[in-house]
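For reference, the structure discussed in these notes is given below.
Please treat every number below as a calculation from the coordinates, not as lab data. All of these numbers come straight from a predicted model, not from anything done at the bench. Cβ placement follows ideal geometry from the backbone for every residue including glycine, while neighbour counts extend to all protein chains displayed.
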Amino acid sequence: MPDIDLLVTGATVVTPEGRRQAHVAVQDGLIHSVGPDRPPARQTVDASGLLLLPGGVDTHVHLMDPGSTEREDFPTGTAAATAAGVTTIVEHSHGQPVRTVDDLRDKIDYLRGRSNVDFGLAAHAWPGAADQVTPLWRAGVAFFKLFTCTTHGVPGHDAAALKAHLQQTARTGAVSLMHCEDESLTGAAEEELRAQGRVDAGILLDWRNREAELVAVAVAALLVRRAGARATIAHVSSPEVAEYVSAERARGAQIAVESCPQYFLLREDEVHEHGALRKFTPPARARIDDDELRMWQLLRAGLLTHMSSDHAPSTREQKRAGDIWNVHFGLPGLDSTFAILLDAAARGHLAYEDVARVYSEAPARAYGLWPRKGSMLPGADADLALVDPTAQRTLRDADVISKAGWTPYAGRTVTGQVVRTFLRGELVAENSVPTDGRTGRFRPGAGGAAGPIS
Ligand SMILES: [Zn+2]
């Protein structure tokens, strides 16, 4: 037998099923074998003392490219991803949404040679345009993003529009990612706050209030179940929301439940000190350490099914350009999400197996990317994150690769670091330095499984 391309020796291989000492052989960009064999290889990486996880799969990412590249673009955002250990993203941007098959083809063309990671692309569902669902799904979008409230310039779906969209996705087999805040509740709160002349950052908590999220989640989850559709609730902010969704899941709703680090680590009252640098929606809800602990418990137990960054960066200057009502929503997150999950494992909130589940396998499964992505099964893409579980570092703005140039987690010391990232067997980052090879490829969603349309 000729030598294989790459052998990673001596690592503790971590998957959702467990961990074991094994050698991982890679041939032609794919996992060839995982086990006790040490076939002769052209290149060998000694990974003794390290953990080997599937590369991160971050399915809620906004790279603003094309659209608002002064905030981020594919080269910078995906370089940040590889440095962090993320090898697959699903991207969508609100400034230049994909609403038709032509939009999708144009975006795939435009992105050729601009990505350091493999990527799927999501479409935006538009109220009254349910007829676009089937052609877009068959053209290979990963999911349909929809809002229940007009946000970032994207019109919201009321219950009737949501029902029409979900019924169409159920017929087609498509999946949706639903941003849930009730338009009438956020609208009434906004009217009241503006009438009071409020421009302090504290408005975020009243404007994007807990009831608005709960009401929209309750309606959306009910409609998903009644339509027999499949969907994900985006960025679930608190245990209360997760428990509502869990009740619909128990009744048979096919719903995945996404959350993000900002709903674990950031505190509700930080908006008063940090203002626009904590403007994202839903806002942070945790008030005390026990709130954070409860979120980790729900993630470990599977009531929160997977994690994403919801990476939506702005620079500090952009976050200062306007009052609290008008500045962009969103946080940078691709740089930090994997690190925060590894740190949670080091602190005992999760097992490393949970990290592989919630940031690789489960999101890949939710959008039809598994087992090619998010697994280490023979034949899967050899997307790997080699982790030193004992390395400690303090997160700093200066180390952020995203154009944002800052992180809400600056000053936080984390344990566990991705020391090498491989995309289809090629080294794409080492010790947090990306190689910037731009070798990432478009990966169609489940409806386009016949192959990429490019
Ligand atoms: Zn988002």
Subject >> Loop sites in region 168-265: trypsin sites (Lys or Arg not before Pro), DSSP, at most 13 other Cβ within 10 Å >> reply: Arg251
**OP:** Taking the chain as the reference, fit the longest principal axis to its C-alpha atoms, fit the long axis of helix 289-301 to the helix C-alpha atoms, and give the angle between the two in degrees, 0 to 90, nearest 10.
**Re:** 60 degrees
Subject >> Too-long pairs where the Cα-Cα distance tops 27 Å, listed order kept, from Lys145/Lys279; Lys163/Lys403; Lys145/Lys373; Lys163/Lys279; Lys107/Lys145; Lys145/Lys319 >> reply: Lys163/Lys403; Lys163/Lys279
**OP:** Quickly rank 269-282, 17-30 as a protection proxy: mean count of other C-beta atoms within 10 Å, highest first.
**Re:** 269-282, 17-30
Original post:
When you take every Cα atom in region 10-95, what is the radius of gyration, and what is Dmax, the widest Cα pair distance, in Å?
Top reply: 17.0, 50
Subject >> Where GluC sites (Glu not before Pro) fall in DSSP loop in region 46-123, at most 10 other Cβ within 10 Å >> reply: none
Subject >> Additional length obtainable on full extension of the chain from Arg412 to Arg251, 0.36 nm per residue less Cα span >> reply: 53.9 nm
Original post:
Against the longest principal axis of the chain, how steep is helix 239-250, in degrees 0 to 90 to the nearest 10, with axes from Cα atoms?
Top reply: 80 degrees
Subject >> Kirkwood hydrodynamic radius over Cα pairs of region 105-175, then Stokes diffusion coefficient at 25 °C and 0.890 mPa s, in µm²/s >> reply: 187 µm²/s
**OP:** Give me the compactness ratio for region 362-454, meaning the Cα radius of gyration over 2.2 N^0.38 Å.
**Re:** 1.31
**OP:** For the chain, report the translational diffusion coefficient in µm²/s to the nearest whole number, using Stokes-Einstein at 37 °C, 0.692 mPa s, and a Kirkwood Rh over Cα pairs.
**Re:** 150 µm²/s
Subject >> Sorted largest first, extent of region 145-258 alpha carbons per principal axis (Å) >> reply: 47, 27, 17
Original post:
Can you pull out the chymotrypsin sites (Phe, Trp or Tyr not before Pro) in region 383-440 that DSSP calls coil and that have at most 14 other Cβ atoms within 10 Å?
Top reply: none
Original post:
For Asp200 and Glu17, what does the FRET efficiency come to when R0 = 51 Å and r is the distance between their Cβ atoms, rounded to the nearest 0.05?
Top reply: 0.55
**OP:** Express the Stokes-Einstein translational diffusion coefficient of region 277-427 in µm² s⁻¹, to the nearest whole number, given a Kirkwood radius over alpha-carbon pairs, 20 °C and a viscosity of 1.002 mPa s.
**Re:** 127 µm²/s
**OP:** Just subtract the alpha-carbon distance of Arg396 and Gln43 from 0.36 nm times their residue separation and send over the number in nm, one decimal.
**Re:** 123.7 nm
Subject >> Gap separating the Cα centres of region 101-175 and region 1-53, nearest whole Å >> reply: 37 Å
**OP:** Compute the FRET efficiency between Glu191 and Gln297 as 1/(1 + (r/R0)^6), taking r as their Cβ-Cβ distance and R0 = 60 Å, and round to the nearest 0.05.
**Re:** 0.95
Original post:
Can you put His165, His92 in order, fewest other beta carbons within 10 Å first?
Top reply: His92, His165
